[in-house]
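J.: First the structure, which I've put down as C-alpha cells, then a few questions once you've had a look.
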Ligand SMILES: *Cc1c(COP(=O)(O)O)cnc(C)c1O
C-alpha cells in the first residue's frame, strides 16, 4: 500500500514537472486539486496507477460513448493503421472519409418538406468544427454579393469552444472575459434555460418568452445576421441547463423568416446523449449546419464533422477560387478517426444502444430522485443520459453558495476518494456516464454522489 502511494506521488511530481494541464489553475495541483494518475480504461471505469477503480461519471469530458478501450473500436483503428494511417484530403479520396460522410448524412435529423443535410466537411475538434460552420455561413452571403450580414446570434450561457471564433459566440464569463478585446462582437439572445423559471411559468412558457426576445433581436438586426448558433436542448458547459424543445421549433421558424442560417452545435449532445441520436430530433427540426465531434469517434480519437445543406454548398461553386471554402486542417478527414467513428456508429446498431439507454436513463432518474431530497439540492434535472444536481446554500433556487467556498471542488475531492470521477461545473454536479454503465456502477455512482454532496455542503451523514 505504501509502495503504491509512493508510486502515485512520484508520478504526480513527474507529471507536474513537464505538463500544463487543460482548463486548470496549475497552482491548485497537487494540494487543492488532486491529480489522478490513470493507467488504463475498462468500460465505464478508469483504473488508476494506485490500482483503484474510478467510475468515469463524465465520460472523459463527454466524449466517451461505449466505454473505454472498446475492443471493436480499438480493432477498427488498428486495422486502419495498418492500411492507411493518413493522407491529404484535398484532391484525394479514401474509403473511411466517404463511408463516414454517407453514414452521417443518412442518420442526420430530417424535417419533412426541407431539403436534407447533404454535404460533410471534416475538422479535427469541436472548436474547429464551430469555426468551419461560422465561416461557411458568413462566406455564403459574401458569395451572393451580400456584404451586410456580418453578425452571429448566440445564446446567453452558451458554449461553443475555446478558439477565438468559437469563444466569440460563447457566453461563459470565466472562459471569455479576459479575451474579450480579441473577440468579434456577437449578439446574445436570452437563454431558454428552464431552471430559473419565473413563478408559475412552465418550461414551455419560458421557451416561448425566450423565443419572443429572440424575435425582437432578429427584427432589430434584420439584414445584419448571417447565422444563429445554439446547443439544442442542453447548454452543457453552462451548467447542464436544459430547455423545452418548443424553443427550437420557434428558432427554426425565426431563422427561416429572417433568412438566417441555423447552426446546431450537437458537439456535446449528439450521438444519443439526450435520448435521441441527435437533440434536434426531439423538436422535429433540421438545422442548416450541424456540428458534431466529442462522441463521434466513441471517444477514441479527435474528429469533428460539419454537415451542410446542398443550398449552402452550392453557394461556393464558382469559377473563382476565392468563392471556394479555402479552409483546411492538416489532418482533415483522418482515416484512423473516421474508422473509429464508423465502428462507433456500428455499435449503436449491434448493441441497440438507444433502446438500452432508455432503460439506463430510467435507472438514473430513480437514483437521482432520492438525491434530490437531500438538503442543498435545489434542482434535479434530466435529459436522456444527462442528469444534473444544482447545489445551493438553502436548497432553493435563489441562494447559491459563495463561489469562494468551492462547494463543487469539495464534492469532486470527496467523490474521487470514493472511486468516482465527477467534475462539477461550479456547484452543478452531473452524471454523464458512458452508455455501457451497468446497474452496479449506477448504484456506486448514486451512493458516492449522495456522500459527496453531504460532505461538500457540510450536512451530517
Ligand atoms: C466541447 C464543446 C465544444 C468544443 O469542442 P472541443 O473539441 O473541446 O474544441 C463546442 N461546443 C460544445 C457544445 C461543446 O460542448
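J.: Condition first: away from the ligand (no atom under 16 Å from the Cβ) and closer than 18 Å to residue 126 by Cβ. Now tell me which residues in segment 254-271 satisfy that.
T.: Those that are away from the ligand (no atom under 16 Å from the Cβ) and closer than 18 Å to residue 126 by Cβ: none in segment 254-271.
J.: Still on this structure, please answer the following. Identify, please: which residue in segment 143-175 is within 12 Å of the ligand (Cβ to nearest atom) and in a strand (DSSP E or B) and is, among those, surrounded by the fewest Cβ atoms within 10 Å (Cβ to Cβ)?
T.: Per the stated criteria, the residue is 154.
J.: Provide a single number: the residues in segment 381-411 that are within 24 Å of the chain's Cα centre (by Cα) and part of a loop (DSSP other than H, G, I, E, B).
T.: Residues in segment 381-411 being within 24 Å of the chain's Cα centre (by Cα) and part of a loop (DSSP other than H, G, I, E, B): 3 in total.
J.: Any idea which of (1) surrounded by fewer than 21 Cβ atoms within 10 Å (Cβ to Cβ); (2) touching a strand residue (DSSP E or B) at 6+ places or on another chain (Cβ under 8 Å); (3) under 15 Å from residue 44 (Cα atoms) is the one residue 395 doesn't satisfy?
T.: (3)
J.: Condition first: touching a helix residue (DSSP H, G or I) at 6+ places or on another chain (Cβ under 6 Å), closer than 20 Å to residue 307 by Cα and at pLDDT 95 or above. Can you find one or more residues in segment 102-112 that meet it?
T.: yes
J.: Restricted to segment 226-253, and to residues that are closer than 19 Å to residue 171 by Cβ and without any contact (Cβ under 8 Å) to a residue 60 or more places away in the chain, which residue is nearest to the ligand (Cβ to nearest atom)?
T.: 232
J.: Moving to a separate point now. Quick check on segment 176-204: of everything there that is in contact (Cβ under 8 Å) with a residue 12 or more places away in the chain and in a helix (DSSP H, G or I), which residue is farthest from residue 234 (Cα to Cα)?
T.: That would be 182.
J.: Assess whether residue 375 counts as being part of a loop (DSSP other than H, G, I, E, B) and within 25 Å of residue 442 (Cβ to Cβ).
T.: When the stated conditions are applied, residue 375 passes them.
J.: So which residues in segment 329-357 are surrounded by fewer than 16 Cβ atoms within 10 Å (Cβ to Cβ) and within 22 Å of residue 103 (Cα to Cα), if there are any at all?
T.: Selection gives 346, 349, 350, 351, 352, 355, 356.
J.: A further question follows. Go through the residues of segment 209-218 one by one and say whether even a single one is within 16 Å of the ligand (Cβ to nearest atom), within 23 Å of the chain's Cα centre (by Cα) and within 17 Å of residue 260 (Cα to Cα).
T.: no
J.: Still on this model: Quick check on this structure: which one of 46, 117, 35, 55 is closer than 30 Å to residue 288 by Cβ, touching a helix residue (DSSP H, G or I) at 6+ places or on another chain (Cβ under 9 Å) and crowded, with 16+ Cβ neighbours inside 10 Å?
T.: One residue alone meets the criteria, 117.
J.: Give the number of residues within segment 417-435 that are touching a residue at least 60 places away in the same chain (Cβ under 8 Å) and either farther than 26 Å from residue 70 by Cβ or in contact with a helix residue (DSSP H, G or I) (Cβ under 9 Å, 6 or more places away or on another chain) (or both).
T.: Going through segment 417-435 one residue at a time, the tally reaches 13.
J.: Oh, and also: All but one of (1) within 16 Å of the ligand (Cβ to nearest atom); (2) under 25 Å from residue 388 (Cα atoms) hold for residue 353, so report the exception by its number.
T.: It is condition (1) that residue 353 fails.
J.: Where the second residue is in a strand (DSSP E or B) and away from the ligand (no atom under 16 Å from the Cβ) and the first is under 23 Å from residue 132 (Cα atoms) and lies in segment 262-286, which pairs have Cβ atoms under 8 Å and are six or more apart or on separate chains?
T.: If the second residue must be in a strand (DSSP E or B) and away from the ligand (no atom under 16 Å from the Cβ), the pairs left are 286/117.
The values are calculated or read from the model by the stated rules, or taken from the named source; none is laboratory data. Values in this document were obtained by computation on a predicted structure and should not be read as measured data. Here the Cβ is made from the backbone with ideal geometry for all residues, glycine too, and neighbour counts use every protein chain on show.
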